[in-house]
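One structure is given here, and the rest of the page talks about it.
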Amino acid sequence: MSYKTTLIKSTSKATLPSDLQDVIIQACNKALNVDNRSIFSIALSGGSLPSFLSGITEKFSSQKIDPQYEKWHVLLADERAVPDTDDDSNLKSLKAKFFGETSIPESQIYVIDESLLSDVEKMAE
């Protein structure tokens, strides 16, 4: 199976969050409503991304698209080896700025095993 890669270009940093949200909404709608898949999978990182996702639920609503969050599976693609309470944790930022406005089941958010934080080598396996 091959996947199409898309480069998202925005006219400015100010329009990037909205442009990114549009791409995610289109991909979600296509997967769940057009292709009739049973799940929507997405990998998320940290940095500015959590802030860019803030408000996406309202944008789904304004476009009259049900995000069907119960079907989302989210993989943290660039998580740091820190507890989710640490300010450097991408999960902490995503919880505060994105997950809190969704109903994505916690069991479908794939994070690092914090019990392995003391052994980063084992975590890498």
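The values are calculated or read from the model by the stated rules, or taken from the named source; none is laboratory data. Predicted, not measured: the structure shown is a model, and the values here were computed from it. Note that we place each Cβ from the backbone using ideal geometry, even for glycine, and neighbour counts take in every protein chain shown. Quick note on the areas: whole protein, heavy atoms, side chains included, nothing else; ligands and nucleic acids left out. Shrake-Rupley method; radii C 1.70, N 1.55, O 1.52, S 1.80 Å.
Figures for the structure shown
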quantity: Cross-chain or 6+ apart pairs with Cβ under 8 Å, the range 1-18 first and without any contact (Cβ under 8 Å) to a residue 40 or more places away in the chain, then assigned to a loop (DSSP other than H, G, I, E, B) and polar (S, T, N, Q); calculated: 16/10; 17/54
quantity: When residues of the range 59-82 are limited to those that are modelled with pLDDT of 95 or more, of a type in the set (Lys, Arg) and open to solvent by 50 Å² or more (accessible area, probe 1.4 Å), the one farthest from the chain's Cα centre (by Cα); calculated: 64
quantity: Qualifying residue in the range 25-36 (condition: of a type in the set (Asp, Glu) and either assigned to a helix (DSSP H, G or I) or in contact with a Gly (Cβ under 7 Å, 6 or more places away or on another chain) (or both)); calculated: no
quantity: Those residues of the range 96-122 which are open to solvent by less than 70 Å² (accessible area, probe 1.4 Å), over 30 Å from residue 66 (Cα atoms) and either in contact (Cβ under 8 Å) with a residue 60 or more places away in the chain or assigned to a helix (DSSP H, G or I) (or both), in sequence order; calculated: 116
quantity: Checklist (1) surrounded by 16 or more Cβ atoms within 10 Å (Cβ to Cβ); (2) in a loop (DSSP other than H, G, I, E, B) applied to residue 93, failing item; calculated: (2)
quantity: Selection status of residue 41, open to solvent by 60 Å² or more (accessible area, probe 1.4 Å), among the hydroxyl-bearing types (Ser, Thr, Tyr) and in a strand (DSSP E or B); calculated: yes
quantity: Among (1) in contact with a Lys or Arg (Cβ under 9 Å, 6 or more places away or on another chain); (2) open to solvent by 70 Å² or more (accessible area, probe 1.4 Å); (3) over 30 Å from residue 121 (Cα atoms), the one test that residue 85 misses; calculated: (3)
quantity: Selection count where residues are assigned to a loop (DSSP other than H, G, I, E, B) and open to solvent by less than 30 Å² (accessible area, probe 1.4 Å), scope the range 44-58; calculated: 2
